[in-house]
Structures are given as structure tokens and as C-alpha cells.
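The values are calculated or read from the model by the stated rules, or taken from the named source; none is laboratory data. Just so it is clear, the structure is predicted and the values come from calculations on it, not from any experiment. Note: ideal-geometry Cβ built from the backbone for every residue, glycine included; neighbour counts use all protein chains shown.
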Amino acid sequence: MSLKLGTVDFAKYPFLNEASKFLAESHLELDEFNRPEMEYIIDRAASRVEVEMQGKLYKNLEKHEVEVLTFLAALLIVKLTRVEQILKKHCLFEAMRAESFLIQDLRNERDEKKKQLLLFEIFKELFKVNVDLDPDNPQIFRMKLTDYLARSSHFHEDGWKIVNRTLHDGYVYLDADEIVRLVRNELSNLIYDKIKTMPLSNIPQPILEKANYLAFKFKPISEYKQYANMDNPPCIEHALELMSKGENLPHTARLMLATYMLSIGKNVDYIVALFRTAPDFNEKITRYQIEHLAGHTGGLTRYKVPSCSKLESEDLCFRTSDCGEISNPLKFRRKKT
Amino acid sequence: MNSLKSSDLILVKNAFREYYFKYNNLVEIPPRINEREFGFRSFHSGMIRHLSFENIRQVHATLLRDTPFDFYSSNAFYNSPASPMQEKGWKGADLIFDIDAKDLGLPCEASHRYEMCANCGEIINSTVLPCQACKNSAIRIESIPCKNCFLNLRREVNKLIAILTDEIGIKDDSISTYFSGNSGFHLYVNDFSFHSLDSRARSDLAGYILGNGIGPQVIGVRNGPNNTVSIMFPRTGFKYGWSKRLAKKFRIEQTSSLKLIRYVNKLGGFDAFSKYLTDYAKEVGIKIDPHVTIDIHRIFRHAGTLNGKSGLSKLRCVDIEHFEPLDAACLLNDSVVQVYVKPSTLKFQLKGHKFNISHNKVRLPTYAAVYLICKGLATTVFPGSC
């Protein structure tokens, strides 16, 4: 294919292999971040992380030279903070930033070949997923059912169930925003892996200073130890531990954790604080959802803790010999006490 | 099975052993046999699981040596199939669908349904509990599927195959259909791309086939304020799947938004329409057992082995239209035995013979006697052949 991605695409999607090639061709050494003209890039990278830590998307987009370097500087800063919550949150928000650009590009791009190239570079190259344009309508995308199910089954909204989708000949038909949303977690994981595998040697001082500043400013408010308890069953302890690492828990695990905490008498404020380390934490939404589970709003029904068999089917069960034959996580506590 | 008396056990076990001598060629070799967990229910000591076999000869040897009442193999492939469940190392699983006559809600069911005391096996009436003989209140229900049951089962299987091929995109030759050996059919999908799907993904797939969780948005009906509706038809139109089925039902096209709004309002607004849609999808959805499809650690009756609930064989159906389960899968011997039949009258058909029993003490071919004994509807009068 003679068509190539342009530099503006590198600016929007700096994680692409093509963008990395561009960086390699420019022979940039880490030392160069010590140069005064790099101050703008480093400040920009730090402020990008800061905005993300406040739960907002960093929307500003500059030319590709600036964006690719900012992306790299931000990765270094985040890695050097050595705070898992910052790392996870940055990855998620970087994925969401790319998602917003990609939706626009897929919606607005009229050149079918360019659109297919974007799909190929992002979905096929990065995630090994084939995404095609509907032969009858190039505004609609389609994905193999098995690829779709492997991703969509982690979403809990009814709209993602295949019974509510157009399905034909093994393909699920999707809009641009839907197809992009499906790979958000993978994109976040890809950026996470990039950070984790970055070598840490000859770190420029200005980068280190920004990292120390951000690590101090966004030191985790809540610690796993604060919530850990010998009386909690292993499924709950496992979820708490993941939370403490800033992991993005699936909806089902959050439901389990919240209903469990409510059942053992914890109040809404306590549980909201517990979720504060989630990369996508939004206090208003979290509070609303917990109040709903507690039966304070909506149908006024208090949600029960899911049974062990339900948790097992959702891969949330981490049964140990201490669990014995219990059928509900709450029984572990009763057994212990 | 444990409630059977010893002469019943001897009769059934001998008939089963003879089957495994004569028909071991029917016992299928599953792909990746050494990665599967096997298990069986023996005549004397309950369920044994976590077995593994390297080849079909070992399977044949076990069937002959132990002559199990039921013999199973996993749909899953494991690194270490004989280890305890948590240590097996799940690698993937066949996608399986189960359609059983009991889930079809057929009107004929009442005419061939028998209620027995789960403790002593006496025929009882569930409205008069506890059992007069032993004072136990647990009931066992057995059914003798009739021609109508299999006619409807075939229709359901064909509908399922149409959805699997046209909508789910599975090639026709990747689907194997089996008579379950009792009152249903199992469909196995041999398509590598489905092996890695977890329970949640399979649950979504089962939901699609059943029509569970369908929402008005599938045909573009959206909720507005105060139970009003707006219409935004799917961009793919009504060409495929559920949107096609629903568009046909409501007789709408992509230009019929006013007609659809009128329809929704006539039913009582968005919420009432959602409820109507849910009921309709449930009615036209394929009546698979979702638990079977969702379970990725289950052990299933192994193809070519006998079903302990009937003495019939679980057999592959190459041409389901002409497959008569009660003839083709009835492979036990014909030697005559005397049995006591519990219901006062009983009609059934096996191996091309119609049985119309009106006396309790009757002489039946072994295959028919075993069929009734396995269902708890008869017991031996004298052990062995007459």
C-alpha cells in the first residue's frame, strides 16, 4: 500500500509503531531533555499528567514533533514517580485521548483507503484485530464476532449485548465510537507495557524533578492496608489489592466490593473513599452508584453480595482452603467471627 | 440409579456391557483427547471425575472394564486434565448447545409425563404429597418423549443451525449434531475461533440465541421524557438478525418511523413496548439450555456411549430430517425379560415397535425393559432373560 500515515497522525497517535520509527530516525538521546529548549516539552508533559490525575482529558494538540516528544517525556515522568496509581491513570487517560481523536478521524475521513489504513495500523498492527468497513456502507464498521465478544463481554450496559447489535455472517456492525471504545483497555495496557519496559538510565534531571513533584502531589490517599482485614474473604482481599495498585476493576468486581462493604456495615463515604484509587474515579458517579446499591435511590432495593458461584463464573473467585464450602463471601466473615 | 434394586442393576449393566462389546466403534474419538477431562458414573459408587486418557483404546478398556452407567468427557482442553479443577490449566473449550424437549413447553408433555416418589419410586400425584407409601415429599419427574416431541426438536435444531450459520457465521460443516440419548439434541461447534471465549462471552452468545436481554433500541426505538419515544433506525437497516425478525413482526421498513411510533404508543409507551418485545423474543428465541453453553468446565455425555436415563445411545445425526432417535439410538439386545411396569397404562415406541402396555406384569425385549427401568417406570420381576 503506497498510502502512509501523515505526521498529524503521529501527533494524535504517538504510540503507533510508525511514530516510534520517526523518533528513532531523529536519533534523539535522553540527554537532550537536559537542553533548555526542552523545558517546554517537559512542562507540557508534566501538566498533561497533572490534568489526567484530576480526572480530565488533556485535549491540547500540537504539531507532531511536540506531541511525540511530550508523549515520551510523560511516559518517563510517570515511570519515575513509581506510583502505580499515577501510572494506571495516565495510561487510561492517554487511551481515552487517542480514542477521542480516532472517533473523529473515523467519522470524518472521506477517503476510504485512508480510513482503512488507520484501522489497519491501529487495530490490526497493535491489537491483532481485523476491523473492516461495511461493503454496503463505508460509514459502518464491522468486527469478527469472536473478537467482539472477547472485548464486549466485559461491558455491562445492555447496548453491548449482541442481541442488541446487528449481527450477520459472523460480523458485528458498529459505529466509529463503538469500535474505538472496544479497544480502550488494550490501548491502555499497551501504553502501560511501554512504560514498564522503558530502561531507566541517564535520566535527565528536569524529568526527575517533575516526577518527584508529581509523586509528592498525588501520593495515594488510600492504602490497601487501611481496608485489608483478616476477616475478608480472598475474593474481596484480591479486589482491594488490585484497587491499591490503581487497577481498573471490572464492573462486576466493583459491584462485589461495594455490596460486600455495605453488607458488613460500612457507610457510603467509606466506600466512595475506597474507590478513589480507580483510574477512572469520578466521585459524583461513584457516590450515586453506591447509594443505588445501598437502596437509598432508584427502586430502593438493597443489592445483595453476589454468590460464590456467580463470582466463580465471573472469574472473581479466589477460593482458598479457608473458604471451605461457603456459598457467599459474607459467610466467610461469619465463619471467622 | 442407586435406588434400583440389584436385579435391575444386573440386567442394565449386562445390557450396557454387551453394547460396549458390540459397538465400541460408535464411541467417538474427540479431537485433542489427551487434553480432555473424563468422568463416569458407575453402577455402584457414584461419580468419578478428573480422569484422563491418552487414546481411544484406553477409553474402550474403561468402558468394558467398569461398564459405567454414564460416561462423560469435558468440552474443555486442559494442560493437566487429571488435576483438581483449580490446577488443570484451562486452554479453551468446544462451544456446545443443548436443546431438550422439556424446555419446549409442548402440549403433548402432559400426556407422557410421570411423577414418582424420589425416595421409593412409587407412581404418585404431585398434588397429593407426601408419598402415601414412604411419606417422602420429594418427587422425580420422567418423560417418555413422543413423535411430536422429536418433530418439534428437529424444527428447533434446524432454526438453531440457521442462526449459527447465517448470523453467528459458523460454517455448516463445523457443526456436529448429536441425539443426546434421551430427549434432546447436542450441537457441537468445531471452530477454533470460539474455543477461547470465556463464560461471559458464551453467556452473551446464548442470550442472542434465546433472545434474552433484547431492548427496543435494536429496531431504533428510544426512550424520551415522560414515557414518550423517538425513533432512530439502525444504520444497517433491518437486513439481518433480530432487527430483521422484529421488523417483519411489526411490518416496518426504514421509512416507517411513524408507523412504529403508533405501534409503541398503542401498546402503552416505551416501557410497555419493552416488555412486549421481551416476551416476543422469548417466544421466538431458540430454546437452548443456556447453562450448558455458558459452562466451560462441564463434562458432557461422551458421543457413542449409553445414556443412563434411557439406555439409548448418544449418536451423531448426519441427516437430522431422517434421523429417528428412538429407532437409530436403540441398540441394546432383543432378548425377552419379564418386568413389572409401574403405571397402569403406558405407550411408547422403540426400535420400530409400538408398545401399548395395559398390564403391570409384561414380557418385553431387553432394550424396552432397560428403557423403562432407567426411567424408573419398571422393575425386574425375575433377573436375567426368560
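Scanning the range B:200-217 for residues being closer than 21 Å to B:I161 by Cα, in a helix (DSSP H, G or I) and within 7 Å of chain A (Cβ to nearest Cβ) gives a total of 5. Being without any contact (Cβ under 8 Å) to a residue 60 or more places away in the chain and farther than 18 Å from A:L57 by Cβ is a condition met by at least one residue of the range A:94-108. Per the listing A:L316, A:L274, the residue uniquely of a type in the set (A, V, I, L, M), within 14 Å of another protein chain (Cβ to nearest Cβ) and within 24 Å of A:K89 (Cα to Cα) is A:L316. You will find that of B:L267, B:L260, the residue that is surrounded by fewer than 16 Cβ atoms within 10 Å (Cβ to Cβ) and aliphatic (A, V, I, L, M) is B:L267 and no other.
With respect to the conditions (1) more than 30 Å from B:D70 (Cα to Cα); (2) surrounded by fewer than 19 Cβ atoms within 10 Å (Cβ to Cβ), B:P234 lacks only one, and its number is (2).
With respect to B:A201, determine if the residue is over 30 Å from B:V27 (Cα atoms) and not assigned by TED's automatic domain parsing to the domain that holds B:K275. Answer is yes for this residue. Scanning the range A:126-167 for residues that are part of a strand (DSSP E or B) and within 10 Å of another protein chain (Cβ to nearest Cβ) gives A:D134, A:N137, A:Q139, A:I140, A:R142, A:K144, A:T166, A:L167.
Residues that are without any contact (Cβ under 8 Å) to a residue 24 or more places away in the chain and among the β-branched types (V, I, T) within the range B:216-273 comprise B:T236, B:T255, listed in sequence order.
When the residues of the range A:277-288 are filtered to those that are out of contact with any Leu (no Cβ under 7 Å at 6 or more places or on another chain) and surrounded by 21 or more Cβ atoms within 10 Å (Cβ to Cβ), the one that is nearest to A:A95 (Cα to Cα) is A:T277.
When the criteria are applied in full, B:T278 meets the requirement of being among the polar types (S, T, N, Q), surrounded by fewer than 17 Cβ atoms within 10 Å (Cβ to Cβ) and part of a helix (DSSP H, G or I).
Look at (1) free of Cβ contacts under 8 Å to residues at least 12 places away in the same chain; (2) of a type in the set (D, E); (3) assigned by TED's automatic domain parsing to the domain that holds B:F185 and you find that B:E321 fails only one, number (1). Among the criteria (1) assigned to a helix (DSSP H, G or I); (2) out of contact with any Phe, Trp or Tyr (no Cβ under 9 Å at 6 or more places or on another chain), the one B:S230 does not fulfil is (1). The residues of the range A:238-276 that are surrounded by fewer than 20 Cβ atoms within 10 Å (Cβ to Cβ) and small (G, A, S), listed by number, are A:S263, A:G265, A:A273.
B:I296: on the phi < 0 side of the Ramachandran plot, crowded, with 19+ Cβ neighbours inside 10 Å and in contact (Cβ under 8 Å) with a residue 60 or more places away in the chain, yes or no?
Working: on the phi < 0 side of the Ramachandran plot: yes; crowded, with 19+ Cβ neighbours inside 10 Å: yes; in contact (Cβ under 8 Å) with a residue 60 or more places away in the chain: yes.
Yes; evaluated as a whole, the condition is true for this residue.
Within the range B:249-260, can one find any residue that is at pLDDT 90 or above and either at the interface with chain A (Cβ under 8 Å from one of its Cβ atoms) or touching a Gly at 6+ places or on another chain (Cβ under 7 Å) (or both)? No, the range B:249-260 has no match at all.
Among the candidates B:D94, B:D172, which residue alone is without any contact (Cβ under 8 Å) to a residue 60 or more places away in the chain and closer than 25 Å to B:R202 by Cβ?
Details: B:D94 fails: without any contact (Cβ under 8 Å) to a residue 60 or more places away in the chain.
Matching residue, one of B:D94, B:D172: B:D172.
What do you reckon, is B:A61 in the same structural domain as B:F300 (by TED's automatic domain parsing), under 27 Å from B:D198 (Cα atoms) and modelled with pLDDT of 95 or more? Break it down stepwise before answering.
Numbers: in the same structural domain as B:F300 (by TED's automatic domain parsing): yes; under 27 Å from B:D198 (Cα atoms): no; modelled with pLDDT of 95 or more: yes.
In short, no.
Let me spell it out: the conditions are (1) more than 30 Å from B:S199 (Cβ to Cβ); (2) of a type in the set (G, A, S); (3) at pLDDT 90 or above; (4) assigned by TED's automatic domain parsing to the domain that holds B:H50, and B:S344 meets all of them except one. Which number is the exception? It fails just one condition, (3). You will find that of A:L118, A:L126, A:L145, A:L102, the residue that is modelled with pLDDT of 90 or more and out of contact with any strand residue (DSSP E or B) (no Cβ under 6 Å at 6 or more places or on another chain) is A:L102 and no other.
Return the residue satisfying two criteria in turn: it lies in the range B:117-169 and is in contact with a helix residue (DSSP H, G or I) (Cβ under 8 Å, 6 or more places away or on another chain) and among the β-branched types (V, I, T), and of such residues it is farthest from the other protein chains (Cβ to nearest Cβ). For the range B:117-169, the residue satisfying everything is B:I144.
Being under 41 Å from the mean Cα position of the chain (by Cα) and closer than 18 Å to B:L267 by Cβ is the filter here, so list the residues in the range B:212-226 that pass it. Explain how you work it out, then say what you get.
Our first condition is that a residue be under 41 Å from the mean Cα position of the chain (by Cα); within the range B:212-226, this holds for B:212-223.
Passing the criteria: B:I214, B:G215, B:P216, B:Q217, B:V218, B:I219, B:G220, B:V221, B:R222, B:N223.
Residues in the range A:289-303 that are in contact (Cβ under 8 Å) with a residue 12 or more places away in the chain and more than 25 Å from A:K88 (Cβ to Cβ): A:E291, A:A294, A:H296, A:R302, A:Y303.
Looking only at residues that are of a type in the set (D, E, K, R) and part of a loop (DSSP other than H, G, I, E, B) in the range B:115-166, which one is nearest to B:G285 (Cα to Cα)? Step through it out loud before you land on a result.
Within the range B:115-166, the first condition is being of a type in the set (D, E, K, R), and the residues that meet it are B:115, B:122, B:135, B:140, B:142, B:147, B:154-156, B:159, B:166.
Okay, now just the ones that are also part of a loop (DSSP other than H, G, I, E, B), so B:122, B:135.
Numbers: B:E122: 37, B:K135: 41 Å.
Looking at the filtered set, the residue picked out is B:E122.
Within the group A:L28, A:L118, which residue is of a type in the set (A, V, I, L, M) and crowded, with 16+ Cβ neighbours inside 10 Å?
On the way: A:L28 fails: crowded, with 16+ Cβ neighbours inside 10 Å.
The conditions single out A:L118.
Taking the listed residues A:P250, A:P233, A:P279, the one that is of a type outside the set (A, V, I, L, M) and modelled with pLDDT of 90 or more is A:P233, with no other qualifying.
Scanning the range B:216-229 for residues that are farther than 24 Å from A:L133 by Cα, at pLDDT 90 or above and either crowded, with 19+ Cβ neighbours inside 10 Å or polar (S, T, N, Q) (or both) turns up B:P216, B:V221. If the condition is being touching a Ser or Thr at 6+ places or on another chain (Cβ under 9 Å) and among the β-branched types (V, I, T), then the range B:247-264 contributes only B:I261.
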